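Enquirer: Would you mind keeping the following structure in view while I ask a few things?
No lab work stands behind these numbers, since they all come straight from the coordinates. Remember, it's a predicted structure, so these values are computed and weren't measured experimentally. Glycine gets a Cβ as well: all are built from the backbone with ideal geometry, and neighbour counts include every protein chain shown.
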Amino acid sequence: MMIRSRILASLVAPLLITAVIPLYAVKEVEMPDNFGSAEWALNNWSESVNYLRYIARDDIRGEFEQRAADERLEAWESFWAAVDKQNGTLEQESRAQYFQRIRYANENFGSILLPGWKTEMGETWIRLGPPDWRDRYAMRGAGRNLEVWNYMDSRDTYLVFMDRTGVGDYDLLNYGAMIEEVYFY
């Protein structure tokens, strides 16, 4: 009888932990009020360059990493000026929008293991912006949830996310539907 109790306890404890942790544990990311600004970027250079992963090619980010401290402000401002020019937006509008999307992703799509901006939902939100509509489907029998995002632009793209683990960490099932190279610069 004592052996059964120990076996049962060893099986139930991990299940309880995995059921409770998702309710409380989301990878937090500190984002100060000036997040994304030139001042913030200069004080957090490696981190700011890392955040450009969805908008700048690897070679551009590599060049940024190699910049001397006295060249960084000019490089940062030139990069965002080029993005604004390509997008036809006002000065610093693209930068503000990009970092606002990162902030939103961190606040809404974080998981136990990853901050929101590094999840597949977060990446999609940052690259493509908010979808035109979102639908959620509870797959009770399978214990998995689906979320479908639709972007009604010229491609009329449907993106399907599945929570394979049941802890809110959604995987993009049809990654090919999203343009991977959505680089502006």
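Enquirer: Which residues, counting only those in the stretch 121-170, are under 27 Å from Gln97 (Cα atoms), surrounded by fewer than 17 Cβ atoms within 10 Å (Cβ to Cβ), without any contact (Cβ under 8 Å) to a residue 24 or more places away in the chain and touching a Ser or Thr at 6+ places or on another chain (Cβ under 9 Å)?
Expert: Result: Asn150, single match.
Enquirer: Among the residues of the stretch 72-120, write down those that are surrounded by 22 or more Cβ atoms within 10 Å (Cβ to Cβ), of a type in the set (S, T, N, Q) and within 21 Å of Asn43 (Cα to Cα).
Expert: Selection gives Ser94, Asn106.
To keep it simple, each residue is scored yes or no on (1) in contact with a Cys (Cβ under 6 Å, 6 or more places away or on another chain); (2) among the small types (Gly, Ala, Ser); (3) closer than 20 Å to Trp117 by Cα; (4) surrounded by fewer than 16 Cβ atoms within 10 Å (Cβ to Cβ).
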site	(1), (2), (3), (4)
Glu39	no, no, no, yes
Leu42	no, no, no, yes
Ser48	no, yes, yes, no
Tyr51	no, no, yes, no
Tyr54	no, no, yes, no
Arg57	no, no, yes, yes
Ala68	no, yes, no, yes
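Enquirer: Take the residues in the stretch 38-63 that are in contact (Cβ under 8 Å) with a residue 24 or more places away in the chain and outside any helix (DSSP H, G or I); name whichever of them is farthest from Glu77 (Cα to Cα).
Expert: Arg57
Enquirer: Pick from the stretch 81-127 the residues that are under 9 Å from the mean Cα position of the chain (by Cα) and aromatic (Phe, Trp, Tyr): which of them is farthest from Val160 (Cα to Cα)?
Expert: Tyr104
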